[in-house]
Amino acid sequence: MKKPIKDQKAVLIILLSNIFIPFLGIGLIIPVMPSFMNIMHLSGSTMGYLIAVFAVAQLIMSPFAGRWVDRYGRKKIITLGLFLFGISELIFGVGTHVSVLYLSRILGGISAAFIMPGVTAYVADITSVQERPKAMGYISAAISTGFIIGPGIGGFIAEYGIRLPFFFAAGIAFLACISSMFILKEPLTKEQLAENFDNNKQTNFIGDLKKSLNPVFFIAFIIVFVLAFGLSAYETVFSLFSDHKFGFTPKDIAAIITISSIFGVVVQVFMFGKLVDILGEKKLIQLCLIVGAILAVASTMISSYLAVLTVTCFIFLAFDLLRPALTTFLSKAGGKEQGFVAGMNSTYTSLGNIVGPAMAGILFDVNINYPYLFAAVILVIGLGFTFIWKENKLAESLAE
């Protein structure tokens, strides 16, 4: 019989720290990217590619990492992921040529592909079915907290040197790696790992991808793609946009992102359930897409610090509500195919995270306002798809 969460606090804290650290590390570097860009004379398109290549590496490695988690054990893959993340941050911190930065981002994407399924599987192994939703909620909160705290810490650390946030991220990753090696125990026996691996041999990523192109599924996954595309495109150029257009310092940018993220998470925690009850998932998704598109356009027309902070708070809120609304609907409709739905949700999110930053970087070099305007167009296209989205057909098809 599995122990309740309250009796496994030490293990859970280590696991949540392991998932928190990569997202903290990603958040740490956001405020210093404009300064880094200027010092190394990088273009906006190069900055976009550096973000996109992380998602490419994660997308390619994820199917393999998922199987290795089942074959070689949760603990080994988690610790390897943390070690690779530390190395990637260290390389970025000392890098003086763009090719070295690309290598760092590729390693970072691989590390994320290892850490996320490893931690998720470990938590699922040690929790009961009744307590699993609560535990998965803790994982989501750890990820959000990393994003919230990261930019703030990064902005203040950068006051002592723009490369220092990368070394800080590397240090805490290595510390977490060592802690995990000594504190965590593999939750499954060798026999259980072998059985899991044999069962997963039947899964086929290419087959699932083809299945997702069925019109019944495709609309829902296109909206997943649109969300990831719009959010990543907006976030990719936010610090560059704020630096080039307004002259904001890393500390200014860190404060805006931190305040906006906290605002979004607080409203999400206390209001999301009520909004779903009042509007339903589909109407909430449509409302968030409309608000996101309007505010993306508004971002090109404002100039004061307070106006930028206000608009950013509400556009982050729109994305913070859109993501769980879409995930909740897909989870409800998933029926017996939760694995397929979750896997394709991750795949289309990664695709959006690849294309969004790349396009945003290219457009930034053409005109500083174009990435936001293009993100608005993509969100409007996503809104159009929602009007031909038949939720009942998706639910029925998944149930068959």
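Can you pick out the pairs among Lys9/Lys185; Lys75/Lys190; Lys210/Lys282 whose Cα atoms lie more than 19 Å from each other? Write out the running numbers ahead of the final one.
Values: Lys9/Lys185 14 Å; Lys75/Lys190 13 Å; Lys210/Lys282 25 Å.
In this structure, Lys210/Lys282 lie more than 19 Å apart at Cα.
Could you work out the local net charge near Ser261, counting Lys and Arg as +1, Asp and Glu as -1, over the other residues with Cβ closer than 12 Å to its Cβ? Summing Lys and Arg as +1 and Asp and Glu as -1 gives -2. Label separation (Lys211 vs Glu195): 2.3 nm, computed from points 7 Å beyond Cα along the C-beta direction. Sorted ascending by nearby beta carbons within 10 Å, beginning with the fewest, Met301, Met61 become Met301, Met61. Neighbour counts of other Cβ atoms within 10 Å put Tyr72, Tyr49, Tyr160, Tyr122 in the fewest-to-most order Tyr160, Tyr72, Tyr49, Tyr122.
A Cα-only calculation for the stretch 26-122 places Rg and Dmax at 14.3, 45 Å. Annotation: extensible slack from His41 through Val366 equals 115.4 nm (criterion: 0.36 nm per residue apart, minus Cα-Cα distance). Put in order of Cβ neighbour count within 10 Å, fewest first, the listed residues Ser128, Ser179 become Ser128, Ser179. For the stretch 203-299, the ratio of Cα radius of gyration to the globular rule of thumb 2.2 N^0.38 Å stands at 1.39.
For the stretch 1-203, which semi-axes, largest first and in whole Å, follow from the square roots of 5 times the eigenvalues of its Cα gyration tensor?
32, 19, 13
Within the stretch 222-298, none of the chymotrypsin sites (Phe, Trp or Tyr not before Pro) combine a DSSP coil assignment with at most 15 other C-beta atoms in a 10 angstrom radius.
Read-outs throughout are calculated quantities, based only on the coordinates presented, and are distinct from any laboratory measurement. Note that the structure is predicted; figures quoted are calculated from it, not measured. Backbone-built Cβ (ideal geometry, glycine too); neighbour counts: all protein chains shown.
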